[in-house]
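S.K.: Starting off with a structure, shown below.
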Amino acid sequence: MHIPDGMLPAEVCIAGYAGTAFLAWLSVKKAKSTTEDSARVVSRASVMAAAFFVVSWVHIPIPPVSVHPVLAGLMGILLGWISFPAILVGLFFQAAMFGHGGFTTLGVNALTMGGAALLAWGAFRLLKGNEKGVKSLIPGFVAGLTGVVLAVVFTGSILILTIPEHIDAGVEFSSILAMAAAHLPLALAEGVFTALVARFLLKVRPDVLA
Amino acid sequence: MSLHSDPVKGLLLSASVLFASFPVLGHGARVVWEVQGDSIHISAAFDDGLPMDRAQVTVFSATEPSEPYISGMTDENGEFAFLPDIEQSLSWDVQVRKAGHGDMVHFSLAEESEDFIEQRGLTTLQIILMSACVVWGFIGTALFFASKRKGQNAHS
């Protein structure tokens, strides 16, 4: 899921940083305008950034690749706008400490995963209502599923559009499709997990959800 | 061209065997290279140990970094071998790529020790300690702001 250094052309990396700078600025601005309790927002963002940082080490082998949880949907529904900078911080530490992702691709990776988190949150807000029973699981499920699927689609699209000339494009294209397909079980699992968390929080602490 | 045509260069390659198999941990992929006779042997795996089978390998020499010296694909064990032309260059870059994952390793057959030091990976203990430090940093930040919030509530 993390695109490492050396895989993308320089102009794409620069564009990624530009897009990330804009979205980070917009996220902080929106978060400031919608909450008066900044201490609460920062403390929650820190905890979720820690979770995001750690789960990248949970490897789930689904041949031909191994996948790891993304948590974009969960980050989105818990943090809202601030999920983007939280994911950006998590990605920075993953790149700095373990080489997961890269510094040149940090902007692009933040856009793919942070953007997916924001869109998953949007889907959650659209679907969230007063449903009871099984239907109350749908908004969380969609958010969790959407978070992974969008991150994979964004990452895969960027990789496909930037396949270098010196490698076999057909082989790389097939590998990217296989990588995307391997994430489908993970998307379903994150959908179920996010649905359960969202329903629980809606019952006991609805104010925790963004 | 045989590497043994020049005894000095042959000796350099032979000496490299002593420093073989230093892992590179990075970008979710682990690439190991070693000298085996006249050829360079590349082994690529994801950082959880799963071999990067059928990954595309592109080799560049330092003298012609924009033109691939040779291209190929790893086998089912994530392995690949090539014969370097050491008259063309002693420094090589090898990129291993699969679905946008992989790494590029650089090595010089003339300056083994410095390059090998750079290529050493992290031990599991180091990874655990580093993770714990970062997580503690996040949690500490959260606790700091949570306590600040409590303080504000107490004053109001």
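The values are calculated or read from the model by the stated rules, or taken from the named source; none is laboratory data. Predicted model only: the values in this text are computed from it and were never measured. Neighbour counts are summed over all protein chains in view; Cβ atoms, including those assigned to glycine, are modelled from backbone coordinates with ideal geometry.
S.K.: Of the residues A:His100, A:His59, which is out of contact with any Lys or Arg (no Cβ under 9 Å at 6 or more places or on another chain) and buried (at least 22 other Cβ atoms within 10 Å of the Cβ)?
M.R.: None of the other options fit; the residue is A:His100.
This table checks each residue for (1) aromatic (Phe, Trp, Tyr); (2) more than 13 Å from every other protein chain (Cβ to nearest Cβ); (3) without any contact (Cβ under 8 Å) to a residue 40 or more places away in the chain; (4) within 14 Å of B:His101 (Cα to Cα).
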| residue | (1), (2), (3), (4) |
| --- | --- |
| B:Val31 | no, no, no, yes |
| B:Val35 | no, yes, no, no |
| B:Ala44 | no, no, no, yes |
| B:Leu50 | no, no, yes, yes |
| B:Thr63 | no, yes, yes, no |
| B:Glu87 | no, yes, no, no |
| B:Leu90 | no, yes, no, no |
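S.K.: Can you find even one residue in segment A:29-51 that is in contact with a Pro (Cβ under 8 Å, 6 or more places away or on another chain), assigned to a helix (DSSP H, G or I) and surrounded by fewer than 18 Cβ atoms within 10 Å (Cβ to Cβ)?
M.R.: Taking segment A:29-51 as the starting set, the residues that turn out to be in contact with a Pro (Cβ under 8 Å, 6 or more places away or on another chain) are A:45.
Cutting the leftovers down to assigned to a helix (DSSP H, G or I) gives us A:45.
Restricting the remaining residues to those that are surrounded by fewer than 18 Cβ atoms within 10 Å (Cβ to Cβ) gives none.
No, segment A:29-51 contains no residue that is in contact with a Pro (Cβ under 8 Å, 6 or more places away or on another chain), assigned to a helix (DSSP H, G or I) and surrounded by fewer than 18 Cβ atoms within 10 Å (Cβ to Cβ).
S.K.: Give me the residue from segment B:111-132 that is surrounded by 12 or more Cβ atoms within 10 Å (Cβ to Cβ) and more than 22 Å from B:Gly49 (Cα to Cα) and, out of that set, modelled with the lowest pLDDT.
M.R.: Step by step, filter segment B:111-132, then rank; the result is B:Asp115.
S.K.: Let me ask something else about it. In segment A:1-43, how many residues are farther than 28 Å from A:Val153 by Cβ and within 13 Å of chain B (Cβ to nearest Cβ)?
M.R.: So the count comes out to 9.
S.K.: Would you tally the residues in segment A:4-28 being among the charged types (D, E, K, R) and assigned to a loop (DSSP other than H, G, I, E, B)?
M.R.: Adding up the residues that qualify gives 1.
S.K.: Taking segment B:36-65, which residues are farther than 23 Å from B:Asp85 by Cα and not in a loop (DSSP other than H, G, I, E, B)?
M.R.: B:Ala45, B:Phe46, B:Pro51
S.K.: Another question, if that's okay. I'd like the full set of residues that are closer than 22 Å to A:Gly73 by Cα and either without any contact (Cβ under 8 Å) to a residue 12 or more places away in the chain or loosely packed, with under 15 Cβ neighbours inside 10 Å (or both), limited to segment A:154-176.
M.R.: A:Ser157
Rundown of residues vs (1) within 10 Å of chain B (Cβ to nearest Cβ); (2) touching a strand residue (DSSP E or B) at 6+ places or on another chain (Cβ under 8 Å); (3) β-branched (Val, Ile, Thr); (4) closer than 23 Å to A:Leu118 by Cα, yes/no style:
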residue: A:Leu145; (1), (2), (3), (4): no, no, no, yes
residue: A:Val152; (1), (2), (3), (4): no, no, yes, yes
residue: A:Gly156; (1), (2), (3), (4): yes, no, no, yes
residue: A:His166; (1), (2), (3), (4): yes, yes, no, no
residue: A:Ala178; (1), (2), (3), (4): yes, yes, no, no
residue: A:His183; (1), (2), (3), (4): no, yes, no, yes
residue: A:Leu186; (1), (2), (3), (4): no, yes, no, yes
residue: A:Glu190; (1), (2), (3), (4): no, no, no, yes
residue: A:Val204; (1), (2), (3), (4): no, no, yes, no
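S.K.: Now for a different question. Among the listed residues A:Ala123, A:Ala86, which satisfies the condition of being of a type in the set (A, V, I, L, M), touching a helix residue (DSSP H, G or I) at 6+ places or on another chain (Cβ under 6 Å) and more than 20 Å from B:Ser131 (Cα to Cα)?
M.R.: Result: A:Ala123 is the single residue among A:Ala123, A:Ala86 that is of a type in the set (A, V, I, L, M), touching a helix residue (DSSP H, G or I) at 6+ places or on another chain (Cβ under 6 Å) and more than 20 Å from B:Ser131 (Cα to Cα).
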